[in-house]
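For reference, the structure discussed in these notes is given below.
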Amino acid sequence: MQLHHDRKYTGNVLIQCLKYRVGVPSARKVRDGFYGLLLLLTAIAASAEAQQAAPVEGLDRRIETLKQEILELNRELFLLEEELLYPSSSQLAVFVSMDVGAFFQLDSIQLKIDDKVVANYLYTNRQVDALHRGGVHRIYTGNVRVGEHEVVALFTGKGPNGRDYRRGATRLITKDVGPRFVELSIEDRTSKLQPEFSIREW
């Protein structure tokens, strides 16, 4: 039991230290070292249980509990790293969504913000299928200053009748204090028998 409490205490101390780190590479080093520490503690706990000839079922439960706590602590570390990389005051996240997709088969998207390419993404058939089923893909997360910014998305794929299709969408967004979310939307327009591309703010 002492080992279990010491491990949780060590994890909490590392998380608190990470909150006050300035450099993201340093935060990643702390996280990597933390992984090694937790794996070592898990091995020690398993060895101690074996030496004490504890029932196998009890050992399995203890190891499973340790695994779950490792996953939870990793989640907290990931959120803290995200906070360091992308503070809410400057965060901009861009997502991709797709309607039925009868008139357009997505291949790739290029994203520009203020005339700078920030993302080039090539989609697999499996990812496109997930979008058709209502999934949303985060194509970009970054930091921008408060004020107006131009977002340009270039969509490439197969259009009606299997023709190569390349279309763009542009929107001027206003970033205020707090995170800003933008959606790149691909929808079918049955009245025109054409796909329609738009950029929306959340």
Quiz item: Counting only residues that are assigned to a helix (DSSP H, G or I) and either in contact with a Lys or Arg (Cβ under 9 Å, 6 or more places away or on another chain) or among the polar types (S, T, N, Q) (or both), which one in segment 124-168 is nearest to Ala93 (Cα to Cα)?
Solution: Gln127
Exercise. Can you run down the residue pairs with Cβ atoms below 8 Å, 6 or more apart or on separate chains, where the first is in segment 61-74 and of a type in the set (S, T, N, Q) and the partner is surrounded by 15 or more Cβ atoms within 10 Å (Cβ to Cβ)?
Key: Asn74/Arg31
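Which residue is surrounded by the most Cβ atoms within 10 Å (Cβ to Cβ), if the candidates are limited to segment 164-202 and must be within 26 Å of the chain's Cα centre (by Cα) and hydroxyl-bearing (Ser, Thr, Tyr)?
Per the criteria, the residue is Ser185.
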Self-check item: Breaking point among (1) at pLDDT 95 or above; (2) under 14 Å from Glu187 (Cα atoms); (3) within 21 Å of the chain's Cα centre (by Cα), for Phe155
Solution: (3)
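The values are calculated or read from the model by the stated rules, or taken from the named source; none is laboratory data. In this text the structure is predicted, and so the values were computed from the model without any measurement. Neighbour counts are summed over all protein chains in view; Cβ atoms, including those assigned to glycine, are modelled from backbone coordinates with ideal geometry.
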